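Here is the structure we will look at.
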Amino acid sequence: MLDDSGAQAVPHIWSEIERRTAELGFDKPSDMRTGALLKALAASKPHGRLLELGTGTGLATACLLAGMDSASLLVTVDIDAQVQAVARELLGSDSRISFELADGREFIRTQQHQSFDLVFADAWAGKYDGLDDALALVRHGGFFIGDDMLPQANWQEHHQEHAEKLVTYLEGLQGWTTMTLSWGSGFVVSVRL
Ligand SMILES: C[S@@+](CC[C@H](N)C(=O)[O-])C[C@H]1O[C@@H](n2cnc3c(N)ncnc32)[C@H](O)[C@@H]1O
């Protein structure tokens with residue numbers, strides 16, 4: 001039987017972050033499948049520079065770190081100090097990570113174009129607002145990854161239309177190749193050619 005739960009891929013720290021996430025009552029955590037996918041994609045970018053928009057409590061962050069080699073660097077951005085504090089506490093001793101407490105929309109606007117090998121967009125900012133600015137940060141051969149493309153319990157009315165519009169937009173982009181994954185929370189993965 002193929003176990004595609006992602007449980008084999010996530011790092012040991014996952015359960016502690018999960019415990020702290022529940023304690024905090026943070027209700028938008030990434031799941032293990034997201035973690036497994038991100039870990040594999042991060043591993044494909046040795047010496048990579050990676051960006052996560054929406055640290056949350058650090059579940060996906062931990063998986064990105066687990067996939068990265070020792071020369072790779074991860075910048076992770078969140079606007080909420082309280083949730084990001086969990087990630088800072090549990091993952092902050094890793095010298096490859098830097099935390100930004102900032103509005104992701106502003107952050108991406110100020111970054112150098114084509115300076116990241118992977119952008120994981122897990123906040124409204126950079127996915128539904130400022131998408132072109134987020135895409136501009138991706139290097140040739142680099143990934144733009146959007147999750148939660150399948151209906152989620154916490155979606156507001158009409159969110160499905162936003163998700164479908166995002167996928168259609170990415171699929172039509174010149175200079176990119178895009179695929180979707182109807183698995184886990186649902187993903188769109190675009191690669192700059
Ligand atoms: C879906 S959660 C991220 C989950 C996280 N990746 C994980 O592994 O559990 C979305 C996060 O985006 C953050 N966020 C919302 N608006 C933001 C903004 N404008 N800029 C940066 N972060 C934002 C929220 O505080 C929240 O932590």
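The values are calculated or read from the model by the stated rules, or taken from the named source; none is laboratory data. For clarity, every value in this text was computed on a predicted model and none was experimentally measured. Here the Cβ positions follow ideal geometry from the backbone for every residue, glycine too, while neighbour counts run over all protein chains shown. Side chains are part of the model used for accessible areas, which takes the heavy atoms of the whole protein and leaves out ligands, DNA and RNA. Shrake-Rupley method; radii C 1.70, N 1.55, O 1.52, S 1.80 Å.
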> Among the aspartates and glutamates, which fall within straight-line cross-link reach of Lys28, defined as a Cα-Cα distance under 16 Å, with same-chain neighbours fewer than 8 residues apart omitted?
Replying inline: Glu18, Glu52, Asp78, Asp80, Asp122, Asp147, Asp148
> What percentages, rounded to whole numbers, describe P(r) for segment 103-193 computed over all alpha carbon pairs with 5 Å bin width beginning at zero?
Replying inline: 3, 15, 26, 26, 18, 9, 3, 0
>> Give me log10 I(q)/I(0) at q = 0.08, 0.10 Å⁻¹ for segment 1-160, Debye formula, one equal scatterer per alpha-carbon, no solvent.
In response: -0.21, -0.32
> Along the three principal axes, how long is segment 59-126 when you take its alpha carbons, biggest first, rounded to the nearest angstrom?
Replying inline: 29, 27, 16
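At a threshold of 8 angstrom on Cα-Cα distance, excluding pairs fewer than six apart, so keeping six or more, what relative contact order does segment 68-193 reach in percent? Show your work: numbers first, answer last.
Details: 185 pairs, mean separation 24.8, N = 126.
Relative contact order, segment 68-193: 20 percent.
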> How much of the accessible area of segment 67-118, in percent, comes from carbon and sulfur atoms when a 1.4 Å probe is used?
Replying inline: 46
> Farthest toward the dipole's positive end in segment 1-156, which of Leu65, His140, Leu150, given Cβ charges of +1 (Lys, Arg) and -1 (Asp, Glu) about the Cα centre?
Replying inline: His140
> At q = 0.14, 0.19, 0.25 Å⁻¹, what log₁₀ I(q)/I(0) does a Debye calculation on the Cα points of segment 3-71 give, no solvent, two decimals?
Replying inline: -0.39, -0.70, -1.10
>> Can you compute the charge dipole magnitude of segment 39-193 about its Cα centre, using +1 on each Lys and Arg Cβ and -1 on each Asp and Glu Cβ, nothing else charged? Give it in debye, rounded to the nearest 20.
In response: 560
>> Under a crude label model (7 Å from the Cα following the beta-carbon direction), how far is Leu101 from Gln174 in nanometres?
In response: 4.4
> Which residue, Leu173, Leu38, Leu73, tops the fluctuation ranking in a GNM of the chain built on C-alpha contacts under 10 Å?
Replying inline: Leu173
> Based on the inverse mean of 1/r over its pairs of different Cα atoms, what is the Kirkwood hydrodynamic radius of segment 144-189, in Å?
Replying inline: 10.9
